[in-house]
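Okay, so here's the structure we're looking at.
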Amino acid sequence: MASKRVLIVDDEENIGRSLRMILEREGYRVSTCRSAREFKTHPEAQRADAYLLDVRLPDGNGIELLRAIRQNGSGAPVVMISGHGTIADAVEATRAGAFDFLEKPLSRDKVLLTLKNALEQSTLRQENERLREM
């Protein structure tokens, strides 16, 4: 099975680098962006298998990026991450279609488990849709 593509959008360089190293060690193919603008022009922006999006970006909002991903028809799981998130942010992200909402500082194990569960659920949903079409 091909490795899954994960796109990380976080303006904190250390967070992006740490997440990239953790996920690549687990066999994921990882791309990173540090702004909403960079995300919008990134070649993987609409082709990733999963997304890790920071809620607050210097030039935008991760929840708006989540909405854009959904509007473009992608059902890929999105995990929101934030160091300054509120309950209202978490509720809004969930309503917009986020799989989960993780608070910084991020736990390596929590990130890996959440991503694994998100991708498994996505695979099951796709399989279910495929079987319904038969």
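Does any residue of the stretch 52-65 turn out to be assigned to a helix (DSSP H, G or I), in contact with a Leu (Cβ under 6 Å, 6 or more places away or on another chain) and either closer than 21 Å to T32 by Cβ or not small (G, A, S) (or both)?
Yes, the stretch 52-65 contains a residue that is assigned to a helix (DSSP H, G or I), in contact with a Leu (Cβ under 6 Å, 6 or more places away or on another chain) and either closer than 21 Å to T32 by Cβ or not small (G, A, S) (or both).
Hey, could you check the stretch 1-20 for residues that are over 21 Å from L57 (Cα atoms) and of a type outside the set (D, E, K, R) and say which is modelled with the highest pLDDT?
Per the criteria, the residue is S3.
Can you name the residue in the stretch 80-132 that is free of Cβ contacts under 8 Å to residues at least 12 places away in the same chain, over 22 Å from D49 (Cα atoms) and part of a helix (DSSP H, G or I) and, of all such residues, is most open to solvent (accessible area, probe 1.4 Å)?
Only one residue tops the list, namely I87.
Being crowded, with 22+ Cβ neighbours inside 10 Å and either among the polar types (S, T, N, Q) or not in a strand (DSSP E or B) (or both) is the filter here; which residues of the stretch 42-51 pass it?
Listed by number, the list holds a single entry, A48.
In the stretch 32-41, what residues are buried (at least 19 other Cβ atoms within 10 Å of the Cβ) and either closer than 13 Å to V6 by Cα or polar (S, T, N, Q) (or both)?
T32, C33, F39
The values are calculated or read from the model by the stated rules, or taken from the named source; none is laboratory data. Keep in mind it's a predicted model, so treat the numbers as computed, not measured. Neighbour counts are summed over all protein chains in view; Cβ atoms, including those assigned to glycine, are modelled from backbone coordinates with ideal geometry. Quick note on the areas: whole protein, heavy atoms, side chains included, nothing else; ligands and nucleic acids left out. Shrake-Rupley method; radii C 1.70, N 1.55, O 1.52, S 1.80 Å.
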